[in-house]
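K.L.:
Starting off with a structure, shown below.
The values are calculated or read from the model by the stated rules, or taken from the named source; none is laboratory data. Note that the structure is a prediction, hence the values are computed from the model and not measured. Cβ coordinates were reconstructed from backbone atoms using ideal geometry, including for glycine residues, and neighbour counts include every protein chain displayed.
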Amino acid sequence: MSTGEPLLTKRSNRFVLFPIEYHEIWKMYKQAQACFWTVEEVDLAEDRVDWEEKLTDDERGFVSFILAFFAASDGIVNENLVERFASEVQVAEARCFYGFQIMMENVHSEMYSMLIDTYIREEKDRISLFHGMETVPCIRRKAEWALRWIGDGRANFGERLVAFAAVEGIFFSASFAAIFW
């Protein structure tokens, strides 16, 4: 799959990690590794009380939709990484990074799901949030937009890379900003 894009060009040494050729990618991979965490490290013991006693109904509803967006969207990001990027990229350092990113997206997805499970008492409400791509119109539209890029056979790697930078950098950032507010 040679497209003139160095990351996509098949190479005989693509299965061997050393010697490192792409030092910036390797550095970013190692930085990501240093930020590793698991869901078990997060103590939610007092969160449910805070959720119920410190937030208004409107605030709880707002944060619930954001958690529903995150729970669905990390799965879409992983779908793109597995189906497209990790299989197309031929550079070992980038493959390492994508492999680690896939694992961390799984951790994030588990965390958002656990937050929904912890905060939302009513089972029907939890189920609705877990199915946010079907039940929340704005989540559905964002998901459809991202999924179109995964399935677009005409878009080149660079275009799809920018599309998923928008997913992570705009869709996610806006939702994180709302939580940090």
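K.L.:
Given ALA68, ALA72, which one is in a helix (DSSP H, G or I), in contact with a Leu (Cβ under 8 Å, 6 or more places away or on another chain) and of a type outside the set (D, E, K, R)?
P.N.:
Unique residue meeting the criteria: ALA68.
K.L.:
Out of all the residues in region 124-148, which are of a type in the set (D, E, K, R) and not in a helix (DSSP H, G or I)?
P.N.:
none
K.L.:
Any residue at all in region 22-29 that is acidic (Asp, Glu) and closer than 24 Å to PHE180 by Cα?
P.N.:
no
K.L.:
Okay, moving on. Hey, can you tell me all the residues within region 3-19 that are surrounded by fewer than 12 Cβ atoms within 10 Å (Cβ to Cβ) and in contact (Cβ under 8 Å) with a residue 40 or more places away in the chain?
P.N.:
LYS10, PHE15, VAL16
K.L.:
Name every residue in region 141-167 that is loosely packed, with under 15 Cβ neighbours inside 10 Å and among the charged types (D, E, K, R), in order of residue number.
P.N.:
ARG141, GLU144, ARG148, ASP152, ARG154, GLU159, listed by residue number.
K.L.:
OK, next. Given (1) assigned to a loop (DSSP other than H, G, I, E, B); (2) of a type outside the set (A, V, I, L, M, F, W, C); (3) under 30 Å from GLU5 (Cα atoms), identify the lone condition not met by ARG121.
P.N.:
It fails just one condition, (3).
K.L.:
Could you say which residue among ILE76, ILE25 is under 27 Å from SER128 (Cβ atoms) and β-branched (Val, Ile, Thr)?
P.N.:
Only one candidate qualifies: ILE76.
K.L.:
Would you please list the contacts, defined by Cβ atoms under 9 Å and residues six or more apart or on different chains, that run from a residue in region 30-58 that is among the acidic types (Asp, Glu) to a residue that is part of a loop (DSSP other than H, G, I, E, B)?
P.N.:
GLU52/ARG121
K.L.:
From the list GLU134, GLU110, pick out the single residue that is surrounded by fewer than 16 Cβ atoms within 10 Å (Cβ to Cβ) and in contact (Cβ under 8 Å) with a residue 12 or more places away in the chain. Let's see the steps before the verdict.
P.N.:
On the way: GLU134 fails: in contact (Cβ under 8 Å) with a residue 12 or more places away in the chain.
Just a single option satisfies the conditions, and that option is GLU110.
K.L.:
While we're here: Do we find that SER128 is in contact with a helix residue (DSSP H, G or I) (Cβ under 9 Å, 6 or more places away or on another chain), over 27 Å from TRP37 (Cβ atoms) and surrounded by 14 or more Cβ atoms within 10 Å (Cβ to Cβ) in this structure?
P.N.:
yes
K.L.:
Here is a follow-up. Consider ASP57 carefully, then state whether it is at pLDDT below 95 and either more than 22 Å from ARG141 (Cα to Cα) or of a type outside the set (Phe, Trp, Tyr) (or both).
P.N.:
Considered against the rule, which asks whether it is at pLDDT below 95 and either more than 22 Å from ARG141 (Cα to Cα) or of a type outside the set (Phe, Trp, Tyr) (or both), ASP57 comes out as no.
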